[in-house]
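Worksheet for the structure shown next.
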Amino acid sequence: MIGDNLQKVSDTLLPNVRLVAVSKFHPVAALQAAYDAGQRVFGESHVQELVAKQEVMPKDIEWHFIGHLQTNKVKYMAPFVSLIHAVDSVKLLKEIDKQAQKCNRLIDVLLQVHVAKEETKFGFSPDELVQMLEVGEWKLCGSVRIAGLMAMATNTDNEAQIAEEFDMVHSLFCHVKERFFADAPEFKELSMGMSSDYQIAQQHGSTLVRVGSLIFGEREYH
Ligand SMILES: *Cc1c(COP(=O)(O)O)cnc(C)c1O
């Protein structure tokens, strides 16, 4: 069933859009089923769970961390994580740099942009993002590579609003790329879209969709 779900989602993706299978709260057997069906990119949002699954799953998996990350937990994933999606402060960026250096690695990250009309979402506002990039401390972080932006739309049924928010992030992505990353080919990823809105997201410039429940079913929180 997981294999079929995966196929169904994959069949709807535009060329150049990659699928991150969001496996948080699902058991290793579910991840293994997706792996056996060919999936190699997995997203987790809790550090302990990510580390535990990485230890037992095949080693050719690309592990993405998609949740809110506390600086004191970066060290646990630094040895293996492929992409950290939701960097929302310079402090976090510096800590990732420090831990990457310790592991002798270059870690790719995305900067999280806050556009949703909800108080609780993390991330830089568009203004804060540009300002942070202007200040330029990030340029000293030689062991992290800023590979693009990540955003979540408002949790709403209003598709026009979702489209507008994704559009705004896409414009910001283009602006920031031109202004700060024109000579950085690695700045190319736009992580937008989940089960409920990935179809809209990929129409508005997403290159990485983070899909969980459509593949694995509903999560059981405990
Ligand atoms: C859980 C989660 C997803 C996946 O959500 P689904 O609705 O199950 O597809 C995507 N992005 C982030 C940041 C998440 O925490």
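With respect to being more than 16 Å from the ligand (Cβ to nearest atom), within 23 Å of Ser206 (Cα to Cα) and of a type outside the set (A, V, I, L, M, F, W, C), Asp167 fits the description.
Among the residues of region 98-155, write down those that are more than 27 Å from Tyr76 (Cα to Cα), in a helix (DSSP H, G or I) and open to solvent by 40 Å² or more (accessible area, probe 1.4 Å). Passing the criteria: Pro126, Asp127, Glu128, Gln131, Glu134, Val135. If only residues of region 187-201 that are surrounded by 22 or more Cβ atoms within 10 Å (Cβ to Cβ) and on the phi < 0 side of the Ramachandran plot are counted, the one that is farthest from the ligand (Cβ to nearest atom) is Leu190.
Every condition in (1) in contact (Cβ under 8 Å) with a residue 60 or more places away in the chain; (2) under 22 Å from Leu190 (Cβ atoms) holds for His26 except the one numbered (2).
Considering Lys121, Lys117, Lys73, which residue is out of contact with any Phe, Trp or Tyr (no Cβ under 6 Å at 6 or more places or on another chain), of a type in the set (Lys, Arg) and more than 22 Å from Glu165 (Cβ to Cβ)?
Just one listed residue meets the conditions, Lys73.
Looking across region 35-81, just one residue is among the small types (Gly, Ala, Ser), open to solvent by less than 40 Å² (accessible area, probe 1.4 Å) and away from the ligand (no atom under 16 Å from the Cβ), and that is Ala78.
Selection within region 25-34: residues that are open to solvent by 40 Å² or more (accessible area, probe 1.4 Å) and either in contact with a Ser or Thr (Cβ under 9 Å, 6 or more places away or on another chain) or in a loop (DSSP other than H, G, I, E, B) (or both). The member of this set that is nearest to the ligand (Cβ to nearest atom) is Phe25.
The values are calculated or read from the model by the stated rules, or taken from the named source; none is laboratory data. Not measured: the values here are computed from a predicted model. Note that each Cβ is placed from the backbone with ideal geometry, even for glycine, and that neighbours are counted across all protein chains shown. Please note that ligands, DNA and RNA were not included when accessible areas were found on the heavy atoms of the full protein model with its side chains. Shrake-Rupley method; radii C 1.70, N 1.55, O 1.52, S 1.80 Å.
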